[in-house]
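> Before I ask anything, here is the structure I am working with.
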């Protein structure tokens, strides 16, 4: 999580007395800034942090929906009596995907 720590140096943007050092999520210093620029840098980091968590959520949601779709397809194949055909098609899809993956490495 991004945070701000007090310090006493000069701001690289405006040259005023800097009072804050801004740190990013990985605890790496983003620089030492005056009050105004520290708030700006901190807000930029918070926006990046929010978008990263949103992307992670979308990835988890997408994989969950694909898993549900695969299970529903299996149930539908069982109901219609086409389990063998579905297994063959899924196996063919895996083989094709692996071949294309090796081809375009």
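The values are calculated or read from the model by the stated rules, or taken from the named source; none is laboratory data. This is a predicted model, so every value here is computed, not measured. Reconstructed Cβ throughout: ideal geometry from the backbone, glycine too, with neighbour counts over all protein chains shown.
> Select, from 28, 52, 18, the only residue that is in contact with a strand residue (DSSP E or B) (Cβ under 7 Å, 6 or more places away or on another chain) and at pLDDT below 90.
Answer to the check: 18.
> For residue 79, are the conditions met, namely being surrounded by fewer than 10 Cβ atoms within 10 Å (Cβ to Cβ) and not in a helix (DSSP H, G or I)?
no
> Are any of the residues in the range 60-71 assigned to a helix (DSSP H, G or I), in contact with a helix residue (DSSP H, G or I) (Cβ under 6 Å, 6 or more places away or on another chain) and modelled with pLDDT of 90 or more?
no
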